[in-house]
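*Asks:* Take this structure, written in structure tokens, and hold onto it; I'll ask about it next.
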Amino acid sequence: MFWDNLSPDGGDRPDGELAAAIAEHFGSFDAFAKQLTAVTTLVQGSGWGVLAREPLSQRLVVEQVYDHHGDVGMNTTPVLVFDAWEHAYYLQYRNVRPDYVQKLWSLVNWTDVTRPTWPACAAPACTASRSPATPSPTPSGTSKAPTAACGPSNRPPTATCG
């Protein structure tokens, strides 16, 4: 995934639904970039800075994964990863990880980051556990049809997962 997330023609910023989700969940692209830069730069030892989607809320989150000790899943789907292992940057950047991380921003392949995993594969999480034909009981004994939240601002995803 790391190598696919990079391109010599990369850089700039995402557009479309990913850009809207970043603005919604982080306030702005700059705030998101600052957060991902910080977690990647400050990982203790070696690891990763990750932009991921949390499948239940459909929110984007920034995570720090260190030393591959996190074999326990974080219940998120990574969409962009920054490698902070020394072998990734030491020959060019020595121990100046912040310079390496800044360079990564000019290489991000936003086309890859927005590939069909955003938001298409979220569709199954957006289906209610019961169909409207089988309403769920409420505490008062009446029935209420289930609802489901999908994607940014509870909009259903527009893409399909193939």
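The values are calculated or read from the model by the stated rules, or taken from the named source; none is laboratory data. Keep in mind that what you see is a predicted model, and the values were worked out from it rather than measured. As a convention, Cβ positions derive from the backbone with ideal geometry for all residues, glycine included, and neighbour counts pool all protein chains shown.
*Asks:* Could you list, in sequence order, the residues of segment 73-99 that are within 21 Å of the chain's Cα centre (by Cα) and more than 25 Å from T111 (Cα to Cα)?
*Replies:* Residue satisfying the conditions is G73 alone.
For (1) out of contact with any strand residue (DSSP E or B) (no Cβ under 7 Å at 6 or more places or on another chain); (2) at negative phi; (3) not acidic (D, E), each residue gets a yes or a no:
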{"site": "E24", "(1), (2), (3)": "yes, yes, no"}
{"site": "T40", "(1), (2), (3)": "no, yes, yes"}
{"site": "A52", "(1), (2), (3)": "no, yes, yes"}
{"site": "Y66", "(1), (2), (3)": "no, yes, yes"}
{"site": "M74", "(1), (2), (3)": "no, yes, yes"}
{"site": "H87", "(1), (2), (3)": "yes, yes, yes"}
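*Asks:* Tell me which residues, restricted to segment 79-98, are modelled with pLDDT of 80 or more and either outside the structural domain of T37 (by TED's automatic domain parsing) or surrounded by 18 or more Cβ atoms within 10 Å (Cβ to Cβ) (or both).
*Replies:* Within segment 79-98, V79, L80, V81, F82, D83, A84, R97 meet the criteria.
*Asks:* Return the residue satisfying two criteria in turn: it lies in segment 99-131 and is modelled with pLDDT under 90 and outside any loop (DSSP other than H, G, I, E, B), and of such residues it is surrounded by the fewest Cβ atoms within 10 Å (Cβ to Cβ).
*Replies:* Result: P124.
*Asks:* Of everything in segment 1-32, what is over 17 Å from R53 (Cβ atoms) and not in a loop (DSSP other than H, G, I, E, B)? Give them in sequence order.
*Replies:* L6, D30, A31
*Asks:* In segment 1-35, how many residues are farther than 21 Å from D99 by Cα, of a type outside the set (D, E) and either surrounded by 14 or more Cβ atoms within 10 Å (Cβ to Cβ) or within 13 Å of the chain's Cα centre (by Cα) (or both)?
*Replies:* Matching residues across segment 1-35 total 10.
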